[in-house]
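J.: Pasting a structure below so you can have a look.
Just so you know, all these numbers are worked out from the coordinates, no wet-lab data involved. On a predicted model such as this, the values are computed, not experimentally measured, just so you know. When we count neighbours, we look across all protein chains shown, and the Cβ atoms used for this are built from the backbone with ideal geometry, even at glycine.
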Amino acid sequence: MEATSGNDEVISGELTSVAHAVSLPAESYGNDPDIEMAWAMRAMQHAEVYYKLISSVDPQFLKLTKVDDQIYSEFRENFKKLRIDVLDPEELKSEGAKEKWRPFCLKFDGIVEDFNYGTLLRLNCSQGYTEENTIFAPRIQFFAIEIARNREGYNKAVYTSVQDKEEEKGANSGGDEGANSGGEEEKGANREGEKEKINKGGEKEKDAYKEINKSGEIAM
């Protein structure tokens, strides 16, 4: 996906900061700065693609992997009460949490490509990838939480916020005349636009899926 606005530059800048700030697992990367830099860039690219995706397509229609149904079913079977709109890092990183997550993650070894590769995960799903709102997680953990957020409607906040800003920007640039005379037409266009997004969502998902799966090539 190509950057189309100043907002994209802000996102890229924030992600660069995040990728360098997140602690990397020493047992996997050692102290090699080249490997750490490579991981940071891959993680940043993955996060940027995903955030643009949920900003441009209604998240409830997204398919992130070929086995979303299985991931979601297993996730909610094992983590029925886990709050996913705002994550508690202790529910992911404490020793007790790791013991519970480990068997879940290993179920997808050989099913989800690169299931244990490093990924950036947002704590508060209504916010973006800032240093304070981001933690390091295995890819299958990212998929489990983000698929659940999409299906349960939590990521809708990001999509709605971005779309509202785009509509406001369009209204301001269109002038008073366009805003007043084209109101009904704009509503109809928006409805048609939503249908088009839904119909074309499959193509966007395929492209995004390819990008997401190309983005984290450094193993945990």
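J.: Tell me, in nm to one decimal, what length is gained between LYS165 and GLU95 on full extension, where the rule is 0.36 nm per residue of separation less the Cα-Cα distance?
T.: On the way: separation 70, 0.36 × 70 = 25.20 nm, distance 4.13 nm.
Separation in residues times 0.36 nm, less the Cα-Cα distance, equals 21.1 nm.
J.: If you don't mind, another one. Indicate the gyration tensor shape class of segment 82-125 (rounded, prolate or oblate), computed on the Cα atoms with a ≥ b ≥ c the square roots of the eigenvalues: a/c under 1.5 is rounded; otherwise a/b larger than b/c is prolate and the rest oblate. Don't skip to the answer; put the middle values down first.
T.: On the way: a/c = 2.26, a/b = 1.42, b/c = 1.59.
Oblate, since a/c reaches 1.5 and b/c is not below a/b.
J.: Here's something else I'd like to know. Apply the a/c threshold of 1.5 to the C-alpha gyration tensor of segment 54-112 and tell me whether it is rounded, prolate or oblate. Write down the numbers at each step before the final one.
T.: Working: a/c = 2.22, a/b = 1.32, b/c = 1.68.
Taking the square roots of the gyration eigenvalues as a ≥ b ≥ c, segment 54-112 is oblate.
J.: May I pose another question? Which pairs in the list LYS63/LYS169; LYS81/LYS156; LYS107/LYS156; LYS52/LYS165; LYS52/LYS81 are over 25 Å apart, alpha-carbon to alpha-carbon?
T.: Working: LYS63/LYS169 29 Å; LYS81/LYS156 20 Å; LYS107/LYS156 29 Å; LYS52/LYS165 14 Å; LYS52/LYS81 29 Å.
Pairs exceeding 25 Å: LYS63/LYS169; LYS107/LYS156; LYS52/LYS81.
J.: I need the shape label for segment 104-172. Rule: rounded when a/c is under 1.5, else prolate if a/b > b/c, else oblate, with a, b, c from the alpha carbon gyration tensor.
T.: On the way: a/c = 3.02, a/b = 2.24, b/c = 1.35.
Prolate is the answer for segment 104-172, as a/c is 1.5 or above and a/b outweighs b/c.
J.: Of the peptides 104-112, 139-147, how do they stack up when ordered by the mean number of other Cβ atoms within 10 Å, highest first?
T.: On the way: 104-112: 15.4, 139-147: 23.9.
My ranking of the peptides, most packed first, is 139-147, 104-112.
J.: Less than 12 Å Cβ to Cβ from LEU123, Lys/Arg counted +1 and Asp/Glu -1: what total charge do the surrounding residues give? Spell out each step's value before the answer.
T.: Numbers: positive: ARG83, LYS93, ARG122, ARG149; negative: ASP85, ASP88, GLU90, GLU91, GLU131, GLU132.
Net charge in that neighbourhood comes out at -2.
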